[in-house]
1. In region 142-167, which residue that is of a type in the set (S, T, N, Q) and over 19 Å from ILE311 (Cα atoms) is nearest to the ligand (Cβ to nearest atom)?
2. I'd like the residue in region 168-182 that is hydrophobic (A, V, I, L, M, F, W, C) and more than 11 Å from the ligand (Cβ to nearest atom) and, out of all such residues, is surrounded by the fewest Cβ atoms within 10 Å (Cβ to Cβ).
3. Please indicate, with yes or no, whether at least one residue in region 237-248 is within 11 Å of the ligand (Cβ to nearest atom) and buried (at least 23 other Cβ atoms within 10 Å of the Cβ).
4. Of all residues in region 285-311, count the ones that are of a type outside the set (D, E, K, R), buried (at least 16 other Cβ atoms within 10 Å of the Cβ) and modelled with pLDDT of 95 or more.
5. Checking ASN200 against (1) surrounded by fewer than 22 Cβ atoms within 10 Å (Cβ to Cβ); (2) within 13 Å of the ligand (Cβ to nearest atom); (3) modelled with pLDDT of 95 or more; (4) not small (Gly, Ala, Ser): exactly one of these is not met. Which one?
6. Which of the residues spanning region 323-339 are small (Gly, Ala, Ser), out of contact with any helix residue (DSSP H, G or I) (no Cβ under 6 Å at 6 or more places or on another chain) and surrounded by 15 or more Cβ atoms within 10 Å (Cβ to Cβ)?
7. Report, by residue number, each residue of region 256-280 that is more than 12 Å from the ligand (Cβ to nearest atom), of a type outside the set (Val, Ile, Thr) and either in a strand (DSSP E or B) or closer than 14 Å to GLY324 by Cα (or both).
Amino acid sequence: MIKGNHILVTGGAGYIGSHTVVELLKAGFQVTVADNLERSDFKIVEGVETITKTKIDFHKMDCLDYSSMDDLFSKNKFSSVIHFAAFKSVNESVSEPISYYKNNVGSLITLLEVMQKHQVKDLIFSSSCTVYGQPDVIPVDETAPFKRAESPYGATKQVCERILEDAATVGFKVISLRYFNPIGAHESGLIGELPIGVPNNLVPYVTQTAAGVREKLTVFGSDYDTPDGSCVRDFIHVVDLATAHVKAIQYVQNLSAKNTFETFNVGTGVGVSVLELVKKFIEVTGIKLNYTIGPRRAGDIEKVYADAKKINQSFGWTPRYGLGESLLHAWNWEKKLRG
Ligand code: UFG
């Protein structure tokens, strides 16, 4: 263990959070997890414990709750925080905008107040490529301007980044990681994504269709200005995303500057179409996936993938897993979930 290097992971029972806890423990950090389990399940924490053979210091708490957060910071000497805890459904944010602003923006403000009180400066924030909207230049780099967010969810990420930029002027050191499309699961099959209800995201829909839970997948749109007419995304293995957080912690802790707000794209840099992904899934799993081509989904961006040079160069980080492995791991997780 890296003595005295204690990381608080909020939302550490979530999809990206849990994989990051595994990688932090592997790298020797001491980890505490705070999660209200509203959108996750304690079995994910148990999965992390099995993978890492480590008892997780877990606290069921809400990041909006100032007094429990304050208490947690009083009892521990955290060196840095990774803040995953947030709502993440684009659709849901459209029907419940107020709760998205309250939860995503409110929890960040509470966290910053508590960090300031306890003199904890280093923060890694979960942002999203959704802050760019449909960028004018692809691959998109970190200097691209924000377009008006397509959803309240996207707006919360833009607002949070602005708050963090201002917080940096009063002594915080912040790294905001702009995720592209995370997919896959830990290769052990012990942790992965737990979609609530009917999945919105492509890969959980694909794996649930393959498992027979959904009747068929609809590919939304065939007339986009892309090579095969379907949307193009940058799909990144969740474990690669997790290792980027470990690099970000190491980077922020080594910064000599007192005030920092830096943003990094976390993507593979490769654009893959929805149809390409579906075909890859069929190829690597050998499963005959039932799919059909349907109309466009409202609010979808035509194509977006990362210019990942900044993170490659600054963190020395590159993704390890390809699309085929990512899909196999997602499928492996789905099969284990279904017993
Ligand atoms: N898609 C389908 N059929 C489905 C589900 C998705 O064709 O059943 C398509 C979508 O139309 C889109 C692509 O697959 O073209 C990816 O869709 P996802 O919903 O998996 O991901 P998005 O790119 O829409 O959204 C993701 C994250 C958001 C984040 C956004 C940023 O889920 O949190 O990237 O672009 F805001």
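1. So the first thing to find is which residues in region 142-167 are of a type in the set (S, T, N, Q), and the list is 143, 151, 156, 158.
Now restrict to residues that are over 19 Å from ILE311 (Cα atoms): 151, 156, 158.
On the way: SER151: 7, THR156: 10, GLN158: 11 Å.
Per the criteria, the residue is SER151.
2. Taking region 168-182 first, the residues hydrophobic (A, V, I, L, M, F, W, C) are 168, 170, 172, 174-175, 177, 180.
Now restrict to residues that are more than 11 Å from the ligand (Cβ to nearest atom): 168, 170, 172, 174-175, 177.
Working: ALA168: 19, VAL170: 10, PHE172: 21, VAL174: 23, ILE175: 27, LEU177: 22.
If we take residues in region 168-182 being hydrophobic (A, V, I, L, M, F, W, C) and more than 11 Å from the ligand (Cβ to nearest atom), then VAL170 is surrounded by the fewest Cβ atoms within 10 Å (Cβ to Cβ).
3. Quick first cut of region 237-248, residues within 11 Å of the ligand (Cβ to nearest atom) only: none.
No, the conditions are met nowhere in region 237-248.
4. Our first condition is that a residue be of a type outside the set (D, E, K, R); within region 285-311, this holds for 285-287, 289-295, 298-299, 301, 304-306, 308, 311.
Pick out the ones that are also buried (at least 16 other Cβ atoms within 10 Å of the Cβ) and you get 285, 291, 301, 304-306, 308, 311.
Checking which are modelled with pLDDT of 95 or more leaves us with 285, 291, 304-306, 308, 311.
Qualifying residue count for the region: 7.
5. The number of the failed condition is (3).
6. From region 323-339, those small (Gly, Ala, Ser) are 324, 326, 330, 339; that's our starting set.
From the residues that got through so far, the ones that are out of contact with any helix residue (DSSP H, G or I) (no Cβ under 6 Å at 6 or more places or on another chain) too are 326, 339.
Residue satisfying the conditions is SER326 alone.
7. PHE261, GLU262, PHE264, LYS279, LYS280
Conditions (1) within 16 Å of the ligand (Cβ to nearest atom); (2) in contact with a Lys or Arg (Cβ under 7 Å, 6 or more places away or on another chain); (3) assigned to a helix (DSSP H, G or I); (4) modelled with pLDDT of 95 or more, marked per residue:
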position	(1), (2), (3), (4)
ASN91	yes, no, yes, no
TYR100	yes, no, yes, yes
ASN104	yes, no, yes, yes
SER107	no, no, yes, yes
THR110	no, no, yes, yes
GLN119	no, no, no, yes
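The values are calculated or read from the model by the stated rules, or taken from the named source; none is laboratory data. Quick caveat, the model's predicted, so the values are computed rather than measured. Backbone-built Cβ (ideal geometry, glycine too); neighbour counts: all protein chains shown.
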